[in-house]
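The values are calculated or read from the model by the stated rules, or taken from the named source; none is laboratory data. Values in this document were obtained by computation on a predicted structure and should not be read as measured data. Note: ideal-geometry Cβ built from the backbone for every residue, glycine included; neighbour counts use all protein chains shown.
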C-alpha cells in the first residue's frame, strides 16, 4: 500500500485570489448595491473565494448563487467561473463525479467563448477530476493538453501547478522518481514568483514524494516549510496537509508522540472546515499510529470512521484499503462472518480496479469461512482443545489472506507501471517523430534553396564570365603560349560550370520539380547506367498523375540513397527499380544482384544511409522491409498510403 498518495488541490482559476487580502465589506456592498446583473455574479464569485479557506459551506452557497444568476442572464463568463470554482468545493467534499461533469461543461463553455486561456484551465481541471477518480491515463493526457495550451500562449505562471499535478498522477502509478522530477520543476518555477499559496501546495506535495521514496528527513523538511507558509497565510487546506504529512513522516521516524500531535491537529481542523478528503487522510494516519502503539481498539475506531466517510463519498482508492483493514479488525474480535463479508467487498472492488479473475480467491475465502464455522461447532464439544486449534487455523487463514492481498497489490502496481510507461513512451515517440519530420522538411527546403542559388546565381555568373572570355579571345591576338593557357582556362571553366550543374541537379533535380518523380528517376537511373558502373532498369505502373510534391521528393531521396548503397557496397552488375501506384497504396522496390548481407546486422548497427532511409519512410508513415542473404542479392520494399 502507498501511504502518501495525495492529490494536488488544483484550481487554476484565480488561485491567487484566496491568498490575497480582500476588502470583504466592499464586496458585500457591491452585492447589496448591484442589480441582478453581471456585476453581482462577479461579486458572488469573489465572496465565495474569500470563504474557501475558512468555511466551505459558505463558499459553496455563494458559488451556487453566482451559477444560478449566470444561467438566468445567460452570462457565459459567469457560467464558466461558477463551474471552475465550485468544482474545487466538490472535490474537497469527495463528490468527484459531479466535479468531473462540471469541469467538462466548463470546457464546452470555454470553447463557445473561444477563450484560449479558459480552455487550458478547463483541461487542467478535467485532469484533476480524473486523478481523484483514479483514471490516471486520462489525467496525464489532459494535463499534457493543458501544458501545451499554456506554453503556446506563453503563460508560464500556470506551469508550476500543472507540473505538480502531472507529478501526482505519475505518483499514483507508482513512478515516484518521475513524479519527483516534475514536482521539483514546479518548485523551481514557483519560488521566484513568491506565491505563498502555491508554494504551500507544492512543498507539501514534494514532502509526499520524498515520503513515498522513503527519504523521510527530506520529506520532514518540505512538510515543515509548507506548513509554516500555510499557517502564515491562514490557508486551512494546506495547514491540514502539512499536519497530515508531518504525522506520517514522524511515525516512520519513530517520533510517535509528535506523530500523534500532528495527526490530531489535522483531524480537528479538517472536521472544523468540512474537508472530508483531508479528514480521511488524518484518520488513516491516526489509524496506523494506533497500530504501531498496540492500540487495536483505537485503530478499529479510526478505521470505522474513515470507512463511513469513504463509503458516503465513493472514495474508491480508500475503500479498497479500508475494507481490508476493517476485515482484520473484525477478525480480531472473532467476528468471522462480518470479516468474511468485508474481505468479499475488498476482493470485488479490488477486482473492478485491477481487472483480474477473483473466482479462486472467493473459493479460498469461502473455505476459510466454512472452516471457522466448523471450528465453532467443535468448540462446543471440545472447548480446551478447540481453543488452540481455532487460534492455529485463524493464523493460517490470516497468513493466506495476507499473501493473496500482497500478490494482488503487487500485480496492481506492475500493471499501472506498465500502462504509465507505455503512455510516456508513446508521447516520447510522437515528439521524436515530429522532430524528425521537421528536420527532413528543413533539409529538403535547404537543398532546394542551395540548388536554386547555384543554378541561378553562381551558374549565371560563370556563364557570363565564359561569354566575356570568349569575346576577349576573338578580339585580342595573344602569343601562342598565352593562347594555349587562355584556351586551357576556358576548358577548366567549362568543367566548373558542368560540375556546378551536376551538384545543383543532385541536390534538387530540375526534372523532379518540373516533370515529376517518374521522369526524374528515369533520368537518374539512365545517368547511372551511362556511367558503366551499374545497369539500372526502371519500371513504373499506375502513375497517371503526379504525387504530392513532398512525397515525390522523399521517394526520390530513398531511391537515390538505396542505389548509392548498391554502388558502394553491393558489387552488383544490375539493379531494378519498380514503382507501383494502386488506389491509395504506393510501393517502391529496389533490387540488386550483388553480394548481399546478413540483415540481422541491421538490428545492432544501421549505417547512416539506412538510418536516413528509415527516417524518410517514417516521415511518410510507411513500412520498410529489407530482404537479403549473402551471395543472393538484396531487395528493399517501401510501402506508403497516399
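Among the conditions (1) in contact with a helix residue (DSSP H, G or I) (Cβ under 8 Å, 6 or more places away or on another chain); (2) assigned to a strand (DSSP E or B), the only one that residue 560 does not satisfy is (2). Being surrounded by fewer than 20 Cβ atoms within 10 Å (Cβ to Cβ) and part of a loop (DSSP other than H, G, I, E, B) is the filter here; which residues of segment 304-317 pass it? Within segment 304-317, 313, 314 meet the criteria. Of the numbered criteria (1) under 17 Å from residue 633 (Cβ atoms); (2) in contact (Cβ under 8 Å) with a residue 12 or more places away in the chain; (3) part of a helix (DSSP H, G or I), the one residue 568 fails is (2). Of everything listed in (1) touching a residue at least 40 places away in the same chain (Cβ under 8 Å); (2) surrounded by fewer than 20 Cβ atoms within 10 Å (Cβ to Cβ); (3) farther than 21 Å from residue 79 by Cβ, the single unmet condition for residue 167 is (2). Residues of segment 299-345 that are without any contact (Cβ under 8 Å) to a residue 12 or more places away in the chain and closer than 17 Å to residue 267 by Cβ: 301, 308. Residues in segment 580-590 include at least one that is assigned by TED's automatic domain parsing to the domain that holds residue 554, assigned to a loop (DSSP other than H, G, I, E, B) and at negative phi. For segment 292-303, the tally of residues that are farther than 22 Å from residue 255 by Cβ and surrounded by 15 or more Cβ atoms within 10 Å (Cβ to Cβ) stands at 3. Considering segment 88-102, the residues that are within 25 Å of residue 270 (Cα to Cα), without any contact (Cβ under 8 Å) to a residue 60 or more places away in the chain and under 26 Å from the mean Cα position of the chain (by Cα) include one that is surrounded by the fewest Cβ atoms within 10 Å (Cβ to Cβ), namely 98. If the condition is being surrounded by 13 or more Cβ atoms within 10 Å (Cβ to Cβ) and at pLDDT below 90, then segment 618-642 contributes 618, 619, 620, 632.
Scoring residue 108 on the criteria (1) free of Cβ contacts under 8 Å to residues at least 40 places away in the same chain; (2) more than 30 Å from residue 316 (Cα to Cα); (3) under 32 Å from the mean Cα position of the chain (by Cα) leaves a single failure, condition (2).
Inclusion of residue 283 among residues that are surrounded by fewer than 22 Cβ atoms within 10 Å (Cβ to Cβ) and in a helix (DSSP H, G or I) is not warranted. Inspection of segment 595-609 finds a residue satisfying the criterion of being in contact with a helix residue (DSSP H, G or I) (Cβ under 8 Å, 6 or more places away or on another chain), surrounded by 13 or more Cβ atoms within 10 Å (Cβ to Cβ) and under 25 Å from residue 511 (Cα atoms).
Of all residue pairs spaced 6 or more apart or on separate chains, those with beta-carbon atoms under 6 Å, a first member in segment 57-79 that is in the same structural domain as residue 34 (by TED's automatic domain parsing) and surrounded by fewer than 16 Cβ atoms within 10 Å (Cβ to Cβ) and a second member that is part of a helix (DSSP H, G or I) and modelled with pLDDT of 90 or more are 76/109; 76/113. Annotation note: of 107, 153, 133, the sole residue that is in the same structural domain as residue 67 (by TED's automatic domain parsing), at pLDDT 85 or above and surrounded by 15 or more Cβ atoms within 10 Å (Cβ to Cβ) is 107.
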